[in-house]
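Here the structure comes first, spelled out in structure tokens, and everything after it is commentary.
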Amino acid sequence: MSTNQVENLDAVVLGAGFSGLYMHYRLRESGFSTRVFEAGDGVGGVWYWNRYPGARCDIESIYYNYTFSKELYQEWTWTSKYPEQSEILRYLNYVADKFDLRRDIQFNTRITAAHYDETINRWKVQMDDGTSVIAKYFISGVGCLSAANLPNFKGLENFEGKWYHTGRWPQEKVDFKGKRVGVIGTGSSGVQAIPVIAKEADHLTVFQRTPQYTLPARNYLYDPKFIKQTKANFDEIKRLMRKSSTGSGIQIRNISALQDSPEKRRQVYEKAWREGGFAFTSAYNDLLINDDANKTASDFIRSKIKEIVHKSDIAEKLLPDYYFGTKRPILDTDYYETYNRENVTLVDVKKEPIVEITPKGLRTKDAEYELDVLVFATGYDGMTGPLFKIDIRGRDGVVLKEKWEEGSKVRTLLGLTTVGFPNFFMITGPESPSVLVNMPAAIEQHVEWIADCIEYLHKHGVETLEPTIEAEEAWSQHCLEVAEMTLYVKTDSWYTGANIAGKPRSFLIYLGGFDRYKQKCNEVAASGYDGFILSNLKTVY
């Protein structure tokens, strides 16, 4: 590829969701030429693709937004505590319009490869339309959950009905009225979609592999007085988001579950259950680090499932047997109640495995189910999956996927950079707090750190930045040590890659808290980027 045949940019940004939009804004404001490439035909990222019935955020909306602009916060008004997908998408479109971001976003374009060329110290970025660009900085904003996981079911190509994946839902409404629908998967998307589909379908069959602990959302419309008060408190909300361990208003009570008497503990859990949302997960500070404390929460939720679901045999199928909270926490609206409906059937595919998709439906080991529509709520190839779908190569042609040994040996510094890949930044990458904190808060922090870093490099005439092997190894070891102090590593989940057949098991989320993580990032920047190799060698081309 000849360098004089392609456009030269300061930065290429991958994805036009929360990460890509703000990254583009910050770099443009600093005077850097930037292009964003987005596979969809509009902005929104995960909220562009996830249009499935019931799709809704599980972070309170007053915290699930940008805080870099007070004016933006004052202008936008959320309608309810937990915003639905369409409202979040409207918000991101509003942001794109307000800051005139679309003019530098190339839609309907997927980046297929990004190769670092040491002869010119630049990234050569290739698109699926055959075009390419050269950039000094290559920045991933694909997030952790953009690579949809469609299991390789035998016979799917022969299915005569319609089928959909929750992570790639069509823009037009899917009509379930009068249809026999099968939903495969009961993770977050399945739990949200199942109650909505059940109300419309003639009959719904749920194929469950693993039962879930899911908490009632108790969503409600905001009162205008509350909205007015919230906007008046913008500075305090921004401070809270950026200083807390969760990146949101969720405050974990500083008390062990084992300190309270059984009667008092039951009262605490009942109150949190009635309140809804993540009040339950924040009831005690040791639910995710102490087996006995976790058991108190697990037992309570299992008792609620037995209380809500009328048929004892169905309730038994819905009882989880792993540590509460170690899979993605889920908020629901009438999920367990849905199994009391006469038009809903629950199939345990661990006892009755799926054998194949047939032209007329689905066949398990024990029975055949005639279906008109199949919905795959089978989640994502999380954390590394979105990056591994792109041919990313660093120094000496080393492939990122091979360096990280298919995900079994991921190594980063701060979840932002990795050895051998100069000027490559990851927003909410592996080994950052990512999905276990409020994502917009984490994204803003990452974007601002990356933008400040690039400004520093430009000011000091630095051509390349990458971590040292020692600093990278130390950070990865620290992440692992923190994770092993928790119960997360004792449960198979998409956090560990267990939902993808053949994927190596690892835990790639920093669990030390958003506040501590941000402090570490700030210390690195204040030191002049200790732990990084900064090269001033310029190449003329």
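The values are calculated or read from the model by the stated rules, or taken from the named source; none is laboratory data. The shown structure was predicted, so the numbers you read here are calculated from the model rather than taken from an experiment. With ideal geometry, Cβ positions are generated from the backbone for all residues, glycine too; neighbour counts draw on all protein chains shown. Accessible surface areas use protein heavy atoms only, side chains included; no ligands, DNA or RNA. Shrake-Rupley method; radii C 1.70, N 1.55, O 1.52, S 1.80 Å.
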Matching residues, the range 354-395, being in a loop (DSSP other than H, G, I, E, B) and under 30 Å from residue 427 (Cα atoms): 377, 378, 379, 381, 382, 383, 384, 389, 390, 394
Where residue 191 falls short, out of the listed (1) surrounded by 21 or more Cβ atoms within 10 Å (Cβ to Cβ); (2) not in a helix (DSSP H, G or I): (2)
Residue 372 more than 22 Å from residue 82 (Cβ to Cβ) and surrounded by fewer than 18 Cβ atoms within 10 Å (Cβ to Cβ): no
Elements of type strands (runs of 3 or more DSSP E) contained in the range 88-152, each with 1 or more residues being out of contact with any Gly (no Cβ under 7 Å at 6 or more places or on another chain) and open to solvent by 50 Å² or more (accessible area, probe 1.4 Å): 111-117, 122-127
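Does residue 215 count as open to solvent by less than 20 Å² (accessible area, probe 1.4 Å), hydrophobic (A, V, I, L, M, F, W, C) and outside any loop (DSSP other than H, G, I, E, B)?
On the way: open to solvent by less than 20 Å² (accessible area, probe 1.4 Å): yes; hydrophobic (A, V, I, L, M, F, W, C): yes; outside any loop (DSSP other than H, G, I, E, B): yes.
So residue 215 fits the description; yes.
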Scope the range 200-210; condition at pLDDT 95 or above and of a type outside the set (A, V, I, L, M, F, W, C); matching residues: 200, 202, 203, 205, 208
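Tell me which residues, restricted to the range 280-314, are without any contact (Cβ under 8 Å) to a residue 12 or more places away in the chain and either more than 21 Å from residue 262 (Cα to Cα) or crowded, with 20+ Cβ neighbours inside 10 Å (or both).
At the first step, the residues of the range 280-314 found to be without any contact (Cβ under 8 Å) to a residue 12 or more places away in the chain are 295, 299, 303, 307, 312-313.
Selection gives 312, 313.
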Every pair of residues 6+ apart whose Cβ atoms lie under 9 Å, when the first sits in the range 445-463 and is farther than 24 Å from residue 433 by Cβ while the second is outside any helix (DSSP H, G or I) and β-branched (Val, Ile, Thr): 457/464; 463/539
Residue ID - surrounded by the fewest Cβ atoms within 10 Å (Cβ to Cβ), chosen from residues in the range 315-329 that are aliphatic (A, V, I, L, M) and under 28 Å from residue 372 (Cα atoms): 315
Single condition residue 346 does not satisfy, out of (1) crowded, with 19+ Cβ neighbours inside 10 Å; (2) out of contact with any Lys or Arg (no Cβ under 8 Å at 6 or more places or on another chain): (2)
Members of the range 483-502 found to be open to solvent by 30 Å² or more (accessible area, probe 1.4 Å) and either at pLDDT 95 or above or touching a helix residue (DSSP H, G or I) at 6+ places or on another chain (Cβ under 6 Å) (or both), listed by number: 489
Flag for residue 377 being closer than 30 Å to residue 64 by Cα, in contact (Cβ under 8 Å) with a residue 40 or more places away in the chain, in contact with a Pro (Cβ under 8 Å, 6 or more places away or on another chain) and crowded, with 17+ Cβ neighbours inside 10 Å: no
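Pick out, from the range 228-327, the helices (runs of 4 or more DSSP H) lying fully within it that include 3 or more residues that are among the small types (Gly, Ala, Ser).
Per the criteria, 291-308.
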Enumeration of residues in the range 165-220 that are over 30 Å from residue 326 (Cβ atoms) and under 25 Å from the mean Cα position of the chain (by Cα): 170, 171, 172, 173, 174
Meets criteria (touching a residue at least 40 places away in the same chain (Cβ under 8 Å) and surrounded by fewer than 22 Cβ atoms within 10 Å (Cβ to Cβ)) for residue 181: no
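Quick check on the range 425-440. Is at least one of its residues free of Cβ contacts under 8 Å to residues at least 60 places away in the same chain and out of contact with any His (no Cβ under 9 Å at 6 or more places or on another chain)? If you could, list the steps in order and put the result at the bottom.
To start, the set of residues in the range 425-440 that are free of Cβ contacts under 8 Å to residues at least 60 places away in the same chain comprises none.
Checking the range 425-440: not a single residue is free of Cβ contacts under 8 Å to residues at least 60 places away in the same chain and out of contact with any His (no Cβ under 9 Å at 6 or more places or on another chain).
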Checklist (1) open to solvent by 20 Å² or more (accessible area, probe 1.4 Å); (2) under 17 Å from the mean Cα position of the chain (by Cα) applied to residue 26, failing item: (2)
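Go through 197, 252, 237, 227 for me and flag whichever is β-branched (Val, Ile, Thr) and free of Cβ contacts under 8 Å to residues at least 60 places away in the same chain. Full working, then the answer.
Values: 197 fails: free of Cβ contacts under 8 Å to residues at least 60 places away in the same chain; 237 fails: free of Cβ contacts under 8 Å to residues at least 60 places away in the same chain; 227 fails: free of Cβ contacts under 8 Å to residues at least 60 places away in the same chain.
When all the criteria are applied, what remains is 252.
Can you tell which of 429, 397, 415 is small (Gly, Ala, Ser), surrounded by fewer than 20 Cβ atoms within 10 Å (Cβ to Cβ) and under 26 Å from residue 10 (Cα atoms)? Quick ask: steps written out before the conclusion?
Numbers: 429 fails: surrounded by fewer than 20 Cβ atoms within 10 Å (Cβ to Cβ); 415 fails: surrounded by fewer than 20 Cβ atoms within 10 Å (Cβ to Cβ).
It is 397.
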Counted residues, the range 144-203 - those being over 20 Å from residue 369 (Cβ atoms) and among the hydroxyl-bearing types (Ser, Thr, Tyr): 3
Residue selected from the range 222-279 under the condition open to solvent by less than 50 Å² (accessible area, probe 1.4 Å), modelled with pLDDT of 95 or more and basic (Lys, Arg), by the criterion farthest from residue 445 (Cα to Cα): 265
